[in-house]
Ligand code: SPV
Ligand code: MG
């Protein structure tokens, strides 16, 4: 607060000629500040115009204050409000000043006319002036109620506008000076600067002097400088710029039934984003919002599952119904639920029977002769820098997937350490890790030493079973791609499995991390599993 009021005071009291440009809403205020101006004129005329109404107090003062709040929020330079007549008597002025201070508006300029005012350039014969004493009281009331000493009240003298002459203007300015005004604004509708310059000469800098050269705009700025004027207010040039462009462009669009002609002549959408401060929001989002999931899924679903006999006669096992729902549909739904919206399914056996919506299908034509690594390769073009690769015949509780996404590591596999899990019916791959599961929560930095399709008799006890799901991040993806390149040359490539791939990566001295779980999943291999699976989904 102090800062903006102080800035305005310094500007008014500086020894050099200073400038203010009008703004009428948040974006124009931002533009004025970006242009280099040290302060903003909160023009009553322009603000009324942007609301589409007249400059005759048709906008309520609270609507003005609300707009100022937007303008003040997006700028760091002070705003001097054109407060018309103060919107009423001394009491209304007091309330106005308090509300302006609350919104960090640095000052207000009030004019010695009567409420409701009309714009100074309209019908000047009908511009009744305020009584000097009454107006002086309004200034006093404002000064008495301001809480920040630097809040500025500028008294605008309308005597020249109303045709009362220089003498009256000087009498009024002096009265307002005595009442405590911080500066005088002398207004003129003349096309020549003479009356303003004469006033400035007679005024002799008793208080800082502000002018609004809307009509006498052709006067060289140096003339104001030489006359010791403190502040030039360009009072309406933003609303006029915008209006001219809007009229021209709206007509063009209407006539041509196209925007092609104007597209390159108007601000880009990106420019508006920039003025709105979208970058700041993006940064804040990174800081405050949970990292947005940008993970995709690759679901390997090429095999028939011949142990399921007639159930898979016309479809792969991922398409059988478990507890009333197609297994693959359930898996895709689980992925979507935690924000993984892109799923690629590698189909093979009866690929055409896969009709789960919201997935991309890749077909492994060699599913009969090849192993699962061939299936994975079919999705190579879909690899992402963050992906979950999973077998399609898994049933798993949601937390398993959610937890997997929180574990660090370029490749993280899920290992069930409960080797006595009765739900394990097939022959899942055996995992040997650097450390067994001690069942403490959030065990970190567990690494995989080897995956094997069977327990190796002369080895140490395995740490658990790989359930067939893993998370792969950017570096991990590169390792997988490099390993596929290496292994593809081998004569037994078709027989290779994902464990072979992972073991190859370990042999290249890369670290594969392990996330331990204890049950809460099963894979569907046999008819018996279907009953268990049905229970699982209840
Ligand atoms: C305004 O900008 O609203 C002013 C200045 O009061 S003028 O329109 O010139 O009166
Ligand atoms: Mg005005």
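Some observations on this one:
- Residues in segment 102-114 that are more than 39 Å from the chain's Cα centre (by Cα) and within 18 Å of residue 42 (Cβ to Cβ): 111, 113.
- Residue match in segment 226-238 (condition: within 30 Å of the chain's Cα centre (by Cα), farther than 30 Å from residue 367 by Cα and within 16 Å of ligand 1 (Cβ to nearest atom)): yes
- Residues of segment 332-374 classified as closer than 20 Å to residue 480 by Cα and at pLDDT below 85, total: 3
- All told, residue 210 meets the bar of being within 16 Å of ligand 1 (Cβ to nearest atom), out of contact with any helix residue (DSSP H, G or I) (no Cβ under 7 Å at 6 or more places or on another chain) and within 22 Å of residue 129 (Cα to Cα).
- Summed over segment 334-360, the residues that are in contact with a helix residue (DSSP H, G or I) (Cβ under 7 Å, 6 or more places away or on another chain), under 17 Å from residue 320 (Cα atoms) and exposed (fewer than 15 other Cβ atoms within 10 Å of the Cβ) give a count of 1.
- Test: residue in segment 512-523 that is farther than 19 Å from residue 400 by Cβ and touching a residue at least 12 places away in the same chain (Cβ under 8 Å): no
- Number of the exception - residue 90 against (1) within 13 Å of ligand 1 (Cβ to nearest atom); (2) touching a residue at least 24 places away in the same chain (Cβ under 8 Å): (1)
- The residues of segment 113-140 that are more than 15 Å from ligand 2 (Cβ to nearest atom), closer than 25 Å to residue 39 by Cα and surrounded by fewer than 20 Cβ atoms within 10 Å (Cβ to Cβ) amount to a single one, 140.
- Some residue of segment 263-281 being in contact (Cβ under 8 Å) with a residue 40 or more places away in the chain, away from ligand 1 (no atom under 16 Å from the Cβ) and either in contact with a helix residue (DSSP H, G or I) (Cβ under 7 Å, 6 or more places away or on another chain) or at positive phi (or both): yes
- All told, residue 165 meets the bar of being farther than 18 Å from residue 8 by Cα, more than 16 Å from ligand 2 (Cβ to nearest atom) and assigned by TED's automatic domain parsing to the domain that holds residue 217.
- Matching helices (runs of 4 or more DSSP H) fully within segment 193-295 where at least 2 residues are modelled with pLDDT of 95 or more and more than 30 Å from residue 407 (Cα to Cα): 194-203, 221-226, 237-256, 269-276
- The set of residues from segment 2-57 being within 32 Å of the chain's Cα centre (by Cα) and on the phi > 0 side of the Ramachandran plot comprises 36, 52.
- Checked against the criterion of being in contact with a strand residue (DSSP E or B) (Cβ under 8 Å, 6 or more places away or on another chain), part of a loop (DSSP other than H, G, I, E, B), under 16 Å from residue 186 (Cβ atoms) and within 16 Å of ligand 1 (Cβ to nearest atom), the candidates 155, 162 yield just one match: 162.
- Filtering 110, 122, 105, 132 for residues that are in the same structural domain as residue 62 (by TED's automatic domain parsing) and modelled with pLDDT under 95 leaves a single hit, 122.
- Hits in segment 364-379 (condition: touching a helix residue (DSSP H, G or I) at 6+ places or on another chain (Cβ under 7 Å) and not in a loop (DSSP other than H, G, I, E, B)): 372, 373, 374, 376, 377
The values are calculated or read from the model by the stated rules, or taken from the named source; none is laboratory data. Values in this document were obtained by computation on a predicted structure and should not be read as measured data. Here the Cβ is made from the backbone with ideal geometry for all residues, glycine too, and neighbour counts use every protein chain on show.
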